[in-house]
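Note sheet for the following structure.
Every read-out reported here was derived from the displayed coordinates using simple, explicitly stated rules and does not represent laboratory data. Computed from a predicted model, the values in this text were never measured in an experiment. Glycine gets a Cβ as well: all are built from the backbone with ideal geometry, and neighbour counts include every protein chain shown.
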Amino acid sequence: GLELSHCVGANSLGPAVPWRSGGPCKMKRVRTVFKPEQLERLEQEFLKQQYMVGTERVDLAATLHLTETQVKVWFQNRRIKWRKQSMEQKAAKLSQFGVIQPATADSTDIKDHEEDAVDVEL
């Protein structure tokens, strides 16, 4: 589930790291670890449709015992992975025919223009 760890640095490795000087500690979100069954179902749904919204997302989250936010973020991250794989496959096909890729057509170019880009789960 969604868990927050204690203050960053509040373990045996050193003192707590304040969020701002004199402010509260920065809370680090613990990464969600999906069960294999959950991942299999999420992948099945992604193959059917790349965007999961509304009641479909609510229903899927309830079925998988996840929050709606976890499902939403999983789909956002999966779309980014899918687009990156598509670009890599396209580049591989073009290189087979001796076509040189422009320097800007890399994964950073995708992320700069990607409105779904999510680095961490909420």
Self-check item: Eligible lysines near LYS84 by straight Cα distance, threshold 29 Å, same-chain separation 8 or greater
Solution: LYS28, LYS35, LYS48, LYS72, LYS93, LYS111
Practice problem: Could you tally the net charge around THR55, taking each other residue with its Cβ under 15 Å from the Cβ of THR55, Lys/Arg +1 and Asp/Glu -1? | Solution: -2
Self-check item: Potential extension, LYS81-GLN50 segment - 0.36 nm per residue separation minus Cα distance
Solution: 10.0 nm
Quiz item: Given a Förster radius of 41 Å and the C-beta distance between SER95 and CYS25 as r, what FRET efficiency does 1/(1 + (r/R0)^6) yield to the nearest 0.05?
Solution: 0.25
Quiz prompt | Linear extension gain, GLU68 paired with LEU39, 0.36 nm per residue minus alpha-carbon span | solution = 9.0 nm
